[in-house]
Amino acid sequence: MHFKRQRSAVVLSNLVAYFQENIKVKFIQYVLATLAITIASLSHSAPFPDKPIRLIVPFTAGGNVDNSARTISQGLSEQLGQSVIVDNKPGANTLIGAEFVARANPDGYTLLLGTPESLAINPHVYKKINYDPLKDLTAVGLVGNFPFALVVNLKLPAKNIKEFVALAKSMPGKMNYSSWGIGSTSQITFEKFNQVAGIELVHIPFQGAAPAITAIAADEVQAMMVPLSVALPQAAGGKVKILGITTSQRFASAPDISTFQEQGYPVVMSGWHLIVAPNKTSPSVLQTLNRNLNKALETQATKEALIKIGIEPSPGSIAQANKLIQTEYERWGKTAKDAGIAIEKAE
């Protein structure tokens with residue numbers, strides 16, 4: 001009996017030793033596995049950004065939006081310490097570029113320089129689009145805004161907006177206006193003017209702002225709404241007349257040009273450039289981008305470069321930018337719907 005007890009004690013002791021050793025091994029394995037996961041996690045969460053960022057521009061190179069993008073990309077690159085590369089993807093009234101970003105990986109490395117066309121107008125004028133700007137995209141921050149100017153042919157007997165309206169009312173349906181395309185900010189801003197003034201000018205769309213304003217100088221078209229930065233050199237060169245601008249107050253770079261509102265026509269429709277990212281981009285990445293965008297906008301070099309191309313820098317929060325998108329979505333959309341603007345399919 002004593003021998004059996006001794007034997008049982010030895011077996012029990014061996015079992016305890018075995019389990020202790022096994023538990024120790026398992027514990028060490030667990031610690032090592034946890035450490036490996038932690039190291040891997042740290043290696044994958046290097047400070048953002050750790051590679052170049054693409055800023056998609058849904059317009060051709062050389063225009064107002066492209067110039068804005070290249071100015072802000074340089075400023076952002078300097079603040080982030082990482083390249084921000086402008087990538088032009090024009091076409092279909094900005095649909096191609098906007099859809100590309102909406103479907104991109106939400107990691108902060110693919111951004112869109114958005115405009116009213118891509119973020120506020122397209123959903124209201126196209127029968128079908130493959131993204132929803134309010135659901136598929138989220139704001140990084142506002143770059144800046146700019147006024148539109150009403151330019152007219154030099155031969156037109158109108159020195160101000162009141163005289164222009166009187167002339168249009170005297171020949172309903174016989175005067176026309178140009179734009180850089182159906183559903184463009186140029187067209188919809190003019191349609192807002194039509195609605196407010198109670199006039200009806202026929203729309204003549206062109207492929208781009210340059211041929212549209214050239215048609216005015218050539219007396220092929222009577223009027224156009226165009227960014228003030230485009231209108232000023234044309235007016236200085238004696239090719240067109242500027243009758244007014246669409247901001248609520250006079251613009252700093254052109255203090256002598258009165259607003260529509262001052263002249264009795266409440267047309268307040270500013271253009272703007274706003275950087276957005278794919279929805280579900282992490283808040284920390286968005287905050288990093290917003291903080292550095294604002295820093296870039298506050299530098300003297302970036303400020304001066306934007307003002308030179310007619311854009312008023314407008315640093316602000318992500319919340320403010322998202323609120324602007326929502327407000328402008330409703331405002332531009334209402335004007336487009338009231339004007340009956342509709343596009344069957346993207347081209």
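The values are calculated or read from the model by the stated rules, or taken from the named source; none is laboratory data. These numbers were taken from a predicted model, which means no experiment stands behind them. As a convention, Cβ positions derive from the backbone with ideal geometry for all residues, glycine included, and neighbour counts pool all protein chains shown.
Here are a few things to note about the model shown:
- Output for the range 110-128, where each listed residue is among the aliphatic types (A, V, I, L, M) and either touching a Cys at 6+ places or on another chain (Cβ under 8 Å) or closer than 17 Å to Asn279 by Cα (or both): Leu111, Leu112, Leu113, Leu119, Ala120
- Of all positions in the range 315-326, none carries a residue that is without any contact (Cβ under 8 Å) to a residue 60 or more places away in the chain, surrounded by 16 or more Cβ atoms within 10 Å (Cβ to Cβ) and of a type in the set (Lys, Arg).
- Checking each residue in the range 269-306 for being surrounded by fewer than 16 Cβ atoms within 10 Å (Cβ to Cβ) and either in contact (Cβ under 8 Å) with a residue 12 or more places away in the chain or aliphatic (A, V, I, L, M) (or both) picks out Asn279, Lys280, Ser282, Ser284, Gln287, Glu298, Thr299, Ala301.
- Candidates in the range 211-230 are the residues that are among the aliphatic types (A, V, I, L, M), under 22 Å from the mean Cα position of the chain (by Cα) and in a helix (DSSP H, G or I); of these, the one that is modelled with the lowest pLDDT is Val230.
- Residue within the range 310-328 that is out of contact with any Leu (no Cβ under 8 Å at 6 or more places or on another chain), outside the structural domain of Lys128 (by TED's automatic domain parsing) and part of a loop (DSSP other than H, G, I, E, B) present: no
- Scanning the range 221-239 for residues that are over 24 Å from Pro266 (Cβ atoms) and either surrounded by 17 or more Cβ atoms within 10 Å (Cβ to Cβ) or in contact (Cβ under 8 Å) with a residue 24 or more places away in the chain (or both) yields Val221, Gln234, Gly238, Lys239.
- Of all residues in the range 294-309 being aliphatic (A, V, I, L, M) and part of a helix (DSSP H, G or I), the one that is modelled with the lowest pLDDT: Ile307
Every residue, every condition in (1) surrounded by 20 or more Cβ atoms within 10 Å (Cβ to Cβ); (2) closer than 27 Å to Ser184 by Cβ; (3) not hydrophobic (A, V, I, L, M, F, W, C), yes or no:
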site: Ala46; (1), (2), (3): no, no, no
site: Lys51; (1), (2), (3): no, no, yes
site: Ile72; (1), (2), (3): yes, yes, no
site: Gly81; (1), (2), (3): no, no, yes
site: Val84; (1), (2), (3): yes, yes, no
site: Ile96; (1), (2), (3): no, yes, no
site: Ala120; (1), (2), (3): yes, yes, no
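- When the helices (runs of 4 or more DSSP H) confined to the range 60-139 are screened for residues that are closer than 20 Å to Gly271 by Cα, assigned by TED's automatic domain parsing to the domain that holds Thr281 and without any contact (Cβ under 8 Å) to a residue 60 or more places away in the chain, those reaching at least 2 such residues are found at 64-80, 95-102.
- For the range 260-275, the condition holds for no residue, the condition being that it is within 22 Å of Phe146 (Cα to Cα) and in a helix (DSSP H, G or I).
- Scanning the range 174-200 for residues that are under 23 Å from Ala218 (Cβ atoms), in a helix (DSSP H, G or I) and of a type in the set (A, V, I, L, M, F, W, C) yields a count of 2.
- Checked against (1) buried (at least 18 other Cβ atoms within 10 Å of the Cβ); (2) out of contact with any Gly (no Cβ under 7 Å at 6 or more places or on another chain), Lys169 passes all but a single condition, namely (1).
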